[in-house]
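Down below is the structure, laid out as structure tokens.
The values are calculated or read from the model by the stated rules, or taken from the named source; none is laboratory data. This structure is a prediction, so every number in the text was calculated from the model and none was measured. Cβ placement follows ideal geometry from the backbone for every residue including glycine, while neighbour counts extend to all protein chains displayed.
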Amino acid sequence: MRSIVLSLVLLSIIHLRPAAAQEVCSIGLGDTLIHVLITGDQEGPVHFLNLHDDENTAVKAALQVMEEKGGRLVELKHSGERLVKFPTGNRSYQFDPNRMFTAEGRKATLKRYGSTGLQAEKALAGFADSLLQVYDIANIPCIITLHNNTEDNFSAKSYLPGAIYDKEARKVYLASGADADDFVVVTRSRYYRFYKRKDINVVLQSKNPTDDGSLSVYAEWEGLPYINIEAQEGHLEQQVRMISVTYQLLLEPAGFFSRLFGNQP
């Protein structure tokens with residue numbers, strides 16, 4: 001991974017379990033710096049990543065659960081908006097930060113939101129690598145992203161047969177009476193079975209997902225365990241529950257899954 005342009009500043013101490021430090025890490029992107037806020041403990045049991053600066057319910061939910069259970073949250077902080085803007089050379093670019101983790105994805109997201117070019121794609125590749133290094137992706141047990149959606153825009157139903165993302169899922173489980181906007185996407189069959197047993201909407205991602213540059217695609221290609229906890233903006237209680245259940249999943253003794261499900265991935 002590329003080297004990181006970092007400036008670490010201890011900002012404050014907030015009352016988590018125990019007190020959890022906050023740091024700001026600034027990563028170079030073109031001719032500017034993008035800030036990354038890190039809350040919690042590197043040795044915490046779970047590591048969350050929030051990529052969209054306008055998805056605030058997800059952050060509130062994670063911090064609420066972390067107050068009791070510990071953990072670590074890494075979030076992009078720039079403009080309070082979904083898209084990230086940056087200048088390089090004499091041009092300005094913008095992109096979706098959850099579409100920057102593959103070469104094809106970087107090119108597509110830059111083009112979609114304005115224009116692209118080799119210099120911009122190279123700068124974005126370095127930024128993506130640096131962010132993953134800050135997140136410590138090489139050492140954490142499971143990637144956990146946090147996202148929010150809006151009513152009738154994107155949900156677990158989007159992966160059902162005949163829906164827009166039907167080819168991106170191996171399996172979909174919809175819990176009776178639950179809002180389909182509140183769901184989990186996973187890359188491991190045992191994770192899928194776990195959330196299904198907990199009666200939570202869950203999608204098992206395809207082993208050959210479309211290359212849209214998202215972190216879920218990157219994780220699938222790299223063989224990394226991945227969980228996306230997605231809820232409608234404002235559904236704090238539902239997202240807190242899904243996050244709390246995820247702690248149960250990741251803190252279960254490994255032998256539990258072997259006895260219950262065998263050695264399937």
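Overview of values
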read-out: Residue tally, condition touching a helix residue (DSSP H, G or I) at 6+ places or on another chain (Cβ under 8 Å) and touching a residue at least 40 places away in the same chain (Cβ under 8 Å), over region 104-120; value: 5
read-out: Which listed residue, of Gly71, Gly44, is more than 17 Å from Tyr226 (Cβ to Cβ) and not charged (D, E, K, R); value: Gly44
read-out: Checklist (1) free of Cβ contacts under 8 Å to residues at least 40 places away in the same chain; (2) touching a strand residue (DSSP E or B) at 6+ places or on another chain (Cβ under 9 Å); (3) surrounded by fewer than 16 Cβ atoms within 10 Å (Cβ to Cβ) applied to Ala138, failing item; value: (2)
read-out: Residues being assigned to a loop (DSSP other than H, G, I, E, B) and among the basic types (Lys, Arg) - total across region 167-188; value: 1
read-out: Selection status of Leu83, at pLDDT below 95 and in contact with an Asp or Glu (Cβ under 7 Å, 6 or more places away or on another chain); value: no
read-out: Per-region count, region 218-236, residues more than 16 Å from Lys60 (Cα to Cα) and among the small types (Gly, Ala, Ser); value: 2
read-out: Among the residues listed as Ala156, Ala163, Ala128, the single one being closer than 22 Å to Thr210 by Cβ, without any contact (Cβ under 8 Å) to a residue 40 or more places away in the chain and buried (at least 19 other Cβ atoms within 10 Å of the Cβ); value: Ala128
read-out: Top-ranked residue in region 210-225 [being assigned to a loop (DSSP other than H, G, I, E, B) and without any contact (Cβ under 8 Å) to a residue 60 or more places away in the chain; ranked as farthest from Arg170 (Cα to Cα)]; value: Gly223
read-out: Check on Leu146, touching a strand residue (DSSP E or B) at 6+ places or on another chain (Cβ under 7 Å), under 27 Å from Leu249 (Cβ atoms) and not in a loop (DSSP other than H, G, I, E, B); value: yes
read-out: Given (1) modelled with pLDDT of 95 or more; (2) of a type outside the set (Ser, Thr, Tyr); (3) not in a helix (DSSP H, G or I), index of the condition Gln64 fails; value: (3)
